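Comments concern the structure below.
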Amino acid sequence: MKPSFEFNDPLQLRQIINGFQVSRIILTAYEIDVFTGIKPGGSSSVFVAKQIKTDARATDRLMNALCAIGLLEKRNGTFYNTAFSEKYLSRKSPHYLQGLMHSVSMWDTWGTMTEMIRTGKSQRNKIKSRTSEKWSEAFIGAMHERASLQATNLLDKLDLKNRHCFLDIGGGSGVYSMDFVKRNVKNKATVFDLPDIIPITKQYIKKEGLSKRFSFISGDYNNDAFGESYDLAFLSAIIHINSVAQNSKLIKKCFNALNSGGIIVIQDHVMEEDRTAPFAGALFAMNMLVATECGDTYTESEIKKWLKDAGFTKIKRIETFNNAMIIGEKA
């Protein structure tokens with residue numbers, strides 16, 4: 001597969017390397033709420049600094065840089081949000097990109113990459129932790145934003161005929177489960193996730209008015225039971241968190257939880273056999289190195305082996321937006 005970049009001169013390399021500067025400026029502005037602090041009719045940097053409780057001079061320079069980037073405008077000393085930043089980066093907007101806070105957290109973990117590569121061990125426990133609740137809300141928000149764009153299209157690719165009981169493992173906001181239950185009045189779903197995540201899940205589902213169609217199980221999917229009699233076990237963005245041994249065990253648990261004729265759906269990065277492509281998956285493997293103890297991105301042959309070992313048959317692959325689904329059936 002053709003590489004994502006072709007390097008021809010040192011200047012091009014420097015431009016890519018220095019791209020982190022623009023990213024850090026945007027993330028800082030997002031984190032301290034610069035865009036929310038600007039009034040619809042424009043504001044001075046001094047006013048914004050008072051609103052968000054930051055240093056006036058530093059805030060002014062940050063806002064000037066945001067103008068250079070193209071996320072703010074400055075006219076006669078007054079700063080204005082652009083149409084884009086007003087829509088997506090101000091908390092006052094219904095389209096606010098809440099999930100970007102997860103990228104702020106990722107900045108911290110990616111900064112440990114050199115030491116991780118040297119030692120082979122994640123350094124995430126050495127990072128000054130943000131509050132667990134805020135991290136969880138940001139993470140679930142990021143996953144919800146991304147999944148909301150593809151949930152309907154993804155489930156449209158599945159054979160859901162006579163399948164009415166959905167197990168969403170590590171379901172987060174429940175975005176895929178909600179799409180499933182909306183398709184048929186007989187459909188119901190169970191979301192299994194960590195004890196600190198389930199309260200967040202319930203908020204998303206309550207907002208959609210679907211609480212009566214849902215059950216919830218709090219626990220650790222590596223150690224706790226899922227229950228049984230499900231028609232579909234759904235694992236979206238789950239296997240990359242785990243080791244090979246953990247995934248093998250998890251998929252066997254899914255097999256035991258399914259009815260005869262039930263299916264397992266694994267939606268994730270699926271790597272080429274030499275692991276150099278796709279590009280997004282290769283980068284994500286690095287994210288798993290710095291952010292987890294044993295996570296990785298896996299190849300199609302690895303995933304299919306876990307399914308076969310668990311007893312699944314009729315295994316197939318379906319392409320999705322930028323990942324893939326591997327599906328198996330319990331006879």
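The values are calculated or read from the model by the stated rules, or taken from the named source; none is laboratory data. Keep in mind the model is a prediction, meaning the values are calculated, not measured. Don't worry about glycine lacking a Cβ; one is built from the backbone with ideal geometry, like all the others, and counts go over all protein chains shown. What goes into the accessible areas is simple: the full protein's heavy atoms, side chains included, and nothing from ligands, DNA or RNA. Shrake-Rupley method; radii C 1.70, N 1.55, O 1.52, S 1.80 Å.
Brief remarks on what is shown
- Elements of type helices (runs of 4 or more DSSP H) contained in region 193-309, each with 1 or more residues being farther than 28 Å from Thr114 by Cβ: 198-207, 244-257
- Of residues in region 177-192 being in contact with a helix residue (DSSP H, G or I) (Cβ under 6 Å, 6 or more places away or on another chain) and part of a strand (DSSP E or B), the one farthest from Phe166 (Cα to Cα): Val191
- Residue check for Asn222: buried (at least 19 other Cβ atoms within 10 Å of the Cβ), in contact with a helix residue (DSSP H, G or I) (Cβ under 7 Å, 6 or more places away or on another chain) and polar (S, T, N, Q): no
- Yes/no for Phe79 being at pLDDT 95 or above, more than 22 Å from Ile200 (Cα to Cα), of a type in the set (Phe, Trp, Tyr) and open to solvent by less than 50 Å² (accessible area, probe 1.4 Å): yes
- Annotation note: of Ile17, Ile32, Ile38, the sole residue that is among the hydrophobic types (A, V, I, L, M, F, W, C) and modelled with pLDDT under 95 is Ile17.
- Subset of region 189-219 that is more than 19 Å from Lys253 (Cα to Cα), among the aliphatic types (A, V, I, L, M) and in contact with a Lys or Arg (Cβ under 9 Å, 6 or more places away or on another chain) - its residue that is surrounded by the fewest Cβ atoms within 10 Å (Cβ to Cβ): Leu210
- Taking the listed residues Ser85, Ser93, the one that is touching a Lys or Arg at 6+ places or on another chain (Cβ under 8 Å), open to solvent by less than 30 Å² (accessible area, probe 1.4 Å) and of a type outside the set (Val, Ile, Thr) is Ser93, with no other qualifying.
- Breaking point among (1) in contact with an Asp or Glu (Cβ under 7 Å, 6 or more places away or on another chain); (2) modelled with pLDDT under 95, for Asp274: (1)
- Selection from region 43-59 of residues that are assigned to a helix (DSSP H, G or I) and surrounded by fewer than 18 Cβ atoms within 10 Å (Cβ to Cβ): Val46, Phe47, Lys50, Gln51, Ile52, Ala56, Arg57, Ala58
Residues checked against (1) within 20 Å of Ala237 (Cβ to Cβ); (2) at pLDDT 90 or above:
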| site | (1), (2) |
| --- | --- |
| Arg91 | no, yes |
| Gly120 | no, yes |
| Ser129 | no, no |
| Glu145 | yes, no |
| Leu154 | yes, yes |
| Leu158 | yes, yes |
| Lys161 | no, yes |
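- Matching residues in region 292-310 - criterion: being open to solvent by 30 Å² or more (accessible area, probe 1.4 Å) and not charged (D, E, K, R): Cys294, Ser301
- Selection count where residues are closer than 16 Å to Ser136 by Cα and under 16 Å from the mean Cα position of the chain (by Cα), scope region 195-245: 7
- The residues of region 272-298 that are closer than 21 Å to Phe5 by Cβ and over 18 Å from the mean Cα position of the chain (by Cα), listed by number, are Glu272, Asp274, Arg275, Thr276, Ala277.
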